[in-house]
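Scroll down for the structure; my scribbles are underneath it.
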Amino acid sequence: MEMSNNEIEAAQKQMVELQQQQQQHVEEDKVTIDMKKIIGGCGDGALLPDCCIYRVPLVLRQQNEKAYTPKLVSVGPFHYGNKKLQDMERHKQIMFKRFTHKAKSSLDDLVRLVKHLEPKVRASYSGTINLTEQELVKMTLMDASFIIELISMTKREMNQDAKLSQPWLEVAIIHDLILLENQLPFFVIEELFNKAFPQYHSFMELVYEYFGYYNQQELKPNPDVEIKHFTDLLRLFYLQERRCQRNSFTDSGSHFLSYNARALKEAGIKFEAATSKCLLDLKLSRHILEIPQIVVDDHTEILFRNMIALEQCRYPLDSYITDYALLLDCLIDTYKDVDLFIGKKIVNNHLGYNKSVALLFNRLCKNVNQRNFNSEYCDICRRLNDYCQNPCRKRVATLRRDHCPTPWQGAASIAGIVLLLLTIVQTIFSILQAVQKK
């Protein structure tokens, strides 16, 4: 039977539609396959609870890239293979050889330990680590043994490597070890130390001694506090032992100080250097603001930027270091505020120009996200704002500044006022006597 033209056209149309449907299914299957690959390959990254080592957010890194980048030695995967840091790889090998010779465990046992910890080590880093299991184990073992030798040789006075004995090199390494992107998880270093040297004291005590310069509060290791890595440890050194509450930003304006240090002084606020060893321990007693002394040198910005970056990534609701930096930014607007703080021994300037100190604090928290604020700082800011908004206090402060800047001048001014009053009284009595005689 022959088909009509209409039937042929209908059949062809049906065939085309069928081919289109099949093509659509093929494309959908391909999309599904691609998406499954993405799901399987991306990992959990920063969503995992073990994640504690982060790449610095781009908006912060752009402010000062050098503050987050190691200059001498790479630790961990983020800067692994950087050609600018290859000179220290030779020293790592020397330290690794020394480490294995002294270790009470065999090299096979040490490798097995790190290999067992490899999944947890990998999960400690945000983002994808482009290293195989073997590469990550090798890198971790090399870096961890380098750190252990570096820290323990200071304690045991085993300075056999002449180059590492140079003070400038030791200081440079310490500064690289505090960078957020240049970290190993603390647990893998500690477990490797315990495996290699079970006869020695707590590794944590050695670490506290090694970073003793930053431990101004002279804190002791607390077994109940988990240290994630060295940047986390330094942040702990600066925190107050008693954590204060946090205030949400329901009324953000009330959380910030509206006046700089010079404006506060003109309103009658006095500044004193506090005796507290905790840098964050600011106190306002009546009209006296006590601020612990801060030493500002070439590495202050690096230290604070990395602690702030850690808080942005891991402690967004407990950002006590960021709070402190924001409050100092409010107090310090220009070099004149720095002049005032130097005069009161609140700032010890090792940078040189006071303008450099002002710029440091003005830029430190740029592009920082803040969800809440230290409740004690909120109270200080509110009370200072209220104090400065009282016009009577400002007039009294102006009189004190202009006429009583020193105790002697104050006494002279009071004596002058008393003499003036006595003169007025004497004049009045003289007038009254003259009137009575008439």
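What follows is calculated from the coordinates using simple rules that are stated; it is not laboratory data. In this text, all values refer to a predicted model and were calculated from it rather than measured experimentally. Here the Cβ positions follow ideal geometry from the backbone for every residue, glycine too, while neighbour counts run over all protein chains shown.
Applying 0.36 nm per residue to the separation of residue 14 and residue 435 and subtracting their alpha-carbon distance, the gain on full extension is 138.6 nm. Using 0.36 nm per residue and subtracting the Cα-Cα separation, the extra length available between residue 100 and residue 218 on full extension is 39.2 nm. Legend: calculated FRET efficiency, residue 421 to residue 317, from the Cβ-Cβ distance at R0 = 41 Å, rounded to 0.05, equals 0.10.
Going by a ≥ b ≥ c, the root eigenvalues of the Cα gyration tensor, does the range 250-389 fall in the rounded group (a/c under 1.5), the prolate group (a/b larger than b/c) or the oblate group?
Oblate, because a/c is 1.5 or more while a/b does not exceed b/c.
Here the simple spin-label model places points 7 Å from the Cα toward Cβ, and for residue 64 and residue 379 these points are separated by 3.2 nm.
Is any residue of the range 52-87 close enough, with backbone N under 18 Å, to a label point placed 7 angstrom from the Cα of residue 363 along the Cα-Cβ axis, and if so, which? Correct set: 57-70.
With 10 angstrom as the radius, rank 419, 364, 110 by how many other C-beta atoms surround their C-beta, starting from the fewest. Numbers along the way, then the final one.
Numbers: 419 10, 364 22, 110 19.
Fewest-to-most ranking of 419, 364, 110: 419, 110, 364.
As a proxy for reagent exposure, 58, 192 were ordered by neighbouring Cβ count within 10 angstrom, fewest first; the result is 58, 192.
Extending 7 Å from the Cα toward the beta-carbon at both residue 132 and residue 93 defines two label points whose distance is 2.1 nm. Stretched out straight at 0.36 nm per residue, the stretch from residue 334 to residue 295 would grow longer than its current Cα-Cα span by 12.3 nm.
Modelled spin labels at residue 240 and residue 171, positioned 7 Å past Cα toward Cβ, are 3.3 nm from each other. For the set 92/195; 92/115; 66/97; 92/228; 84/120, the pairs lying more than 25 angstrom apart at their alpha carbons are 66/97; 84/120.
For a footprinting-style exposure proxy, rank 430, 202 by other Cβ within 10 Å, fewest first. Present the calculation step by step, with values, prior to reporting the outcome.
Details: 430 10, 202 13.
Listed from fewest to most nearby Cβ atoms, that is 430, 202.
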